[in-house]
Every structure is written in C-alpha cells, then in structure tokens.
Amino acid sequence: MIKDNLIDTYKHKGMRKTLVSLLQTKGITDRKVLAAIEKIPRHYFFESAFTEQAYQDIAFPIGEGQTISQPYTVAVQSQLLNIKSGDKILEIGTGSGYQSMVLLEMGANLYTIEYNKILYERTRKFLPSIGYSPKFFNGDGTKGLEAFAPFDKIIVTAGGPQIPESLLKQLTIGGIIVIPVGGEGKQKMLKITRKSETDFEREDHGDFAFVKLLGKEGW
Ligand code: SAH
C-alpha cells in the first residue's frame with residue numbers, strides 16, 4: 001500500500017469538510033454517511049502527490065485496472081442502504097476498501113468479497129493496519145456468501161448485466177440490495193427491497209458508471 005501519505009492533518013480534515021459540503025449540495029442527507037466521509041482519511045489510498053485529488057469528487061485508479069469509487073457514488077450507495085448499527089452487510093467488490101471503511105464507520109457488521117486476488121491480499125492487510133477489520137473473502141461475489149447468509153443489506157460496487165439471483169436469495173425479508181445494473185460503462189443504480197419470500201420492490205436511482213462486475217452472474 002501507499003506508505004508515504006499515512007498522516008492525517010488539519011489540512012486534510014479541512015479538505016474533507018469541503019467535500020462533505022459538496023456532497024450535501026448534491027443531495028446527500030444521511031448524517032451517518034456524511035460523518036463517515038468527514039472522518040475517513042481517503043488520501044491514505046493515494047500517493048502524496050495526489051492528495052488534492054483524494055478530496056475531489058472523482059474516481060481514481062487503484063491498480064489492477066480498478067478504481068476507488070467517486071465519493072458521491074459511495075455516498076449514494078451508502079445512503080440508499082439505510083444502514084442501522086449492527087446491520088449484517090455483504091459488499092461485493094472490496095477494491096481499495098474505502099467503501100468498506102464507510103460502512104464500518106456506520107456500524108455495519110461487514111462481510112466483503114473481492115474477485116481479484118492481488119487487490120484482496122492488499123486490502124486485507126492494509127485496512128486492519130489502520131483500524132478497520134471487516135471479514136474479508138476472495139472469490140466471485142455474484143454467488144454471494146451462502147455460508148453466512150442471510151444479509152440485511154447487500155451492496156454491489158461493480159456494474160453487471162443483471163441482478164444476480166443468488167444475491168436476491170441471500171437477503172432477509174425487509175432487506176435491501178443496492179446494485180448498478182446495465183450495459184458497459186453506464187448503469188442504473190437500483191435499490192431492491194425484499195418485501196416477502198417472493199416479492200421484490202424495485203426503485204431506480206439514476207445513471208452511474210462502474211467497472212465491470214465479473215463472475216458467474218456478471219460479465
Ligand atoms: N468498493 C470499492 C470499489 C472498487 S471497484 C472501493 O471503495 O474502492 C469494483 C471492484 O469489484 C473491483 O475491485 C473488482 O475487482 C471487483 N469485482 C468485480 N467483479 C467482482 C465479483 N464478481 N466479485 C467480487 N468482486 C468483484
């Protein structure tokens with residue numbers, strides 16, 4: 001991981017306040033989401049030369065052809081999940097681990113799964129070293145995590161062609177999945193709420209652009 005930038009100063013905190021104000025103007029109202037983003041040093045994922053970029057509302061490459069999601073996207077997905085402290089949450093696409101940190105700050109009991117072995121190894125070492133310890137898994141998240149199901153909430157942070165059937169099955173009644181679905185480079189953010197054993201309610205929350213969801217029920 002990046003080792004030359006692991007100090008959190010008043011300057012960084014100031015930049016985070018500005019980012020939080022920007023997210024509020026873009027419609028983020030969940031106080032727990034805003035508090036988490038204000039607290040977490042996102043520049044820890046960047047080399048020191050890119051500290052400014054860490055607090056702009058942009059996605060950024062994290063190696064292995066993957067990206068750390070844009071703060072607004074992280075905020076929207078976290079807000080749509082309607083997280084309560086203690087919620088058992090499955091995250092598909094650990095990536096850098098930034099979204100995982102936001103969910104942990106919000107009180108999640110977090111299971112996170114990453115397909116890419118190198119990213120998995122890197123984040124599994126790095127996050128606990130800065131005090132964040134979800135349960136890490138390496139594998140195809142489109143299959144969910146059968147052994148630990150059901151989950152109160154499921155968040156998918158890569159874009160696929162469909163909602164994986166396995167994930168719907170691993171949701172509690174009343175549970176929520178937030179997932180970008182669509183073609184390459186452009187997806188609709190869907191919020192699916194499980195109303196009963198067989199009924200699912202679907203809401204559309206606008207256009208986003210994610211990296212590809214791979215695996216059995218991905219691309
Ligand atoms: N939540 C991350 C976003 C990372 S980008 C963050 O905050 O940084 C999406 C990630 O999903 C990539 O790391 C990619 O390797 C991973 N991914 C893609 N398909 C996957 C799958 N089927 N199962 C698990 N992870 C997957």
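The values are calculated or read from the model by the stated rules, or taken from the named source; none is laboratory data. These numbers come from a predicted model, not from an experiment. Quick reminder, even Gly has a Cβ in these numbers, built from the backbone with ideal geometry, and neighbours come from all protein chains shown.
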Selection count where residues are surrounded by 17 or more Cβ atoms within 10 Å (Cβ to Cβ) and either in a strand (DSSP E or B) or in contact with a helix residue (DSSP H, G or I) (Cβ under 9 Å, 6 or more places away or on another chain) (or both), scope the range 201-219: 6
Quick check: is even one residue across the range 124-140 crowded, with 18+ Cβ neighbours inside 10 Å, at pLDDT 95 or above and at positive phi? no
What single numbered condition from (1) more than 14 Å from the ligand (Cβ to nearest atom); (2) surrounded by 15 or more Cβ atoms within 10 Å (Cβ to Cβ); (3) assigned to a helix (DSSP H, G or I) fails to hold for N5? (3)
Pairs with Cβ under 7 Å, 6+ apart, first in the range 148-160 and buried (at least 24 other Cβ atoms within 10 Å of the Cβ), second at pLDDT below 95 and among the small types (G, A, S): T157/S69
Name the residue that is farthest from the chain's Cα centre (by Cα), counting only residues in the range 81-100 that are buried (at least 20 other Cβ atoms within 10 Å of the Cβ) and over 21 Å from D140 (Cα atoms). D87
Give the residue, chosen from S100, S96, that is within 22 Å of V181 (Cβ to Cβ) and of a type outside the set (V, I, T). S100
Hits in the range 104-127 (condition: of a type outside the set (K, R) and touching a residue at least 60 places away in the same chain (Cβ under 8 Å)): E105, M106, G107, Y115, F126
Could you grab me the full set of residues in the range 165-200 that are assigned to a loop (DSSP other than H, G, I, E, B) and either touching a Leu at 6+ places or on another chain (Cβ under 8 Å) or within 12 Å of the ligand (Cβ to nearest atom) (or both)? Q170
When the range 50-72 is examined, which residues are found to be assigned to a helix (DSSP H, G or I), crowded, with 19+ Cβ neighbours inside 10 Å and among the β-branched types (V, I, T)? none
Within the range 128-164, track down each residue that is within 12 Å of the ligand (Cβ to nearest atom) and polar (S, T, N, Q). N138, T142, T157
Residue in the range 48-72 that is nearest to P150 (Cα to Cα), counting only those that are among the small types (G, A, S) and within 14 Å of the ligand (Cβ to nearest atom): S69
So, in the range 73-127, how many residues would count as being touching a Leu at 6+ places or on another chain (Cβ under 6 Å), away from the ligand (no atom under 11 Å from the Cβ) and assigned to a helix (DSSP H, G or I)? 2
Exactly one condition in (1) under 19 Å from G185 (Cβ atoms); (2) in contact with a strand residue (DSSP E or B) (Cβ under 7 Å, 6 or more places away or on another chain) is not met by Y98; state its number. (1)
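Of these, T198, T193, T142, which one is touching a helix residue (DSSP H, G or I) at 6+ places or on another chain (Cβ under 9 Å), of a type in the set (S, T, Y) and over 15 Å from Q99 (Cβ atoms)? Break it down stepwise before answering.
Numbers: T198 fails: touching a helix residue (DSSP H, G or I) at 6+ places or on another chain (Cβ under 9 Å); T193 fails: touching a helix residue (DSSP H, G or I) at 6+ places or on another chain (Cβ under 9 Å).
Result of the check over T198, T193, T142: T142.
Does V33 qualify as being crowded, with 17+ Cβ neighbours inside 10 Å, away from the ligand (no atom under 12 Å from the Cβ) and among the aliphatic types (A, V, I, L, M)? Spell out the reasoning first.
On the way: crowded, with 17+ Cβ neighbours inside 10 Å: yes; away from the ligand (no atom under 12 Å from the Cβ): yes; among the aliphatic types (A, V, I, L, M): yes.
Here the answer is yes, as V33 does meet what is asked.
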